[in-house]
Amino acid sequence: MSDKPNIYNETERESNKNLAFFTALWLITTALLAFGPTLIWDEKAWLNILAVVLNLISGALMIKANIKHLQKLDELAQKIFLNSAAITLGVLMVVGVCYELLFFTDLINSFEPRISHLYFVMGFTFIISTYLGHKKYQ
Amino acid sequence: MKNRIKVLRAERDWTQADLANELQVSRQTINAIEKGKFDPSLPLAFKLSILFKTSIEAIFQYES
């Protein structure tokens, strides 16, 4: 057996770094769009538009990085990733609709449902389902 | 699906990590295949067959 290094492990590490970079970039531009108009540039319209454009571009780059990341995973890791994505999509749809209806039916009235609350559900679901996926195939 | 990867690997004194290196997949993937928890794709099955110099049928047995 040859002593060649496992290029897959190195490729996966590089892909993780790449995905983390573009996710961080998107988060920074999102923060800029959320807080910039009031805290930095005092609602100047052209800067608002620029922040939106930057946010959309970085978002597109993050999606592209995510697709490339998925393609670089080996077949078991792809299966775990896709299962987690499917579970997350389903949970997000069910919880999202239910969450909104809870507000309209006055079952929650102390605060207004926000889309950002669902991001936490999405992240939590993806992390848990990925962890369980890895456990299943150990 | 049952398989003889563990036996074939042991005959050659290869570790799971060695096999993973040769096939350019993770060690977890090799472990999952050996335990029958994950069925590999046809291209990966062919790679195994070429590496072990035997037929796919000699490695994998289908269980209905």
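If you take the alpha carbon radius of gyration of chain B and divide it by 2.2 N^0.38 Å, what ratio comes out, to two decimals? Don't jump to the answer; show the numbers that get you there.
On the way: Rg = 10.5 Å, N = 64, 2.2 N^0.38 = 10.7 Å.
Its radius of gyration relative to the 2.2 N^0.38 Å reference: 0.99.
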Fill in the blank from the handout: the range B:1-45 and the range A:44-81 have their Cα centres apart by a whole-number Å value of 33
Problem - Residue list for the range A:65-83, given a label point 7 angstrom along the Cα-to-Cβ vector of B:M1 and an amide N cut-off under 18 Å - result: A:74-80
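What is the calculated FRET efficiency for A:F103 to B:L42, with r their C-beta to C-beta distance and R₀ = 30 Å, to the nearest 0.05? All intermediate terms of the calculation are to be shown ahead of the outcome.
Values: r = 50 Å, r/R0 = 1.66.
Taking R0 as 30 Å, the efficiency between A:F103 and B:L42 is 0.05.
Taking only pairs that are 8 or more places apart or on different chains, how many Lys pairs in chain A have Cα atoms under 18 angstrom apart? Numbers along the way, then the final one.
Numbers: A:K17/A:K64; A:K17/A:K68; A:K17/A:K72; A:K64/A:K72; A:K68/A:K79; A:K79/A:K135; A:K79/A:K136.
Number of lysine pairs found: 7.
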Handout entry: Per-selection Kirkwood Rh - the range A:74-138 (Cα, Å, 1 d.p.)
Key = 13.0
Handout entry: Net lengthening on full extension, A:T23/A:T11 (0.36 nm per residue, minus Cα-Cα)
Key = 2.5 nm
Problem - Equivalent ellipsoid semi-axes, the protein assembly as shown, via Cα gyration tensor eigenvalues times 5, rooted, Å - result: 45, 23, 11
Problem - Contact order relative to length of chain A, as percent, for alpha carbon pairs under 8 angstrom and 6 or more apart - result: 24
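Return the calculated 222 nm mean residue ellipticity for the protein assembly as shown, to the nearest 500 deg cm²/dmol, obtained by summing -39500 (n - 2.57) across DSSP H runs with n ≥ 4 and dividing by the residue count. The partial results should precede the final answer.
Details: 9 runs with 150 residues, N = 202.
Helices in the protein assembly as shown give a 222 nm mean residue ellipticity of -25000 deg cm²/dmol.
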Practice task
Could you check the simple spin-label distance between A:L56 and B:E63, using points 7 Å along Cα→Cβ, in nm with one decimal?
Solution key: 5.4
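Only the coordinates and a few stated rules stand behind these numbers; no lab work does. All of these numbers come straight from a predicted model, not from anything done at the bench. No Cβ is skipped: glycine too gets one built from the backbone with ideal geometry, and neighbour counts run over all protein chains shown.
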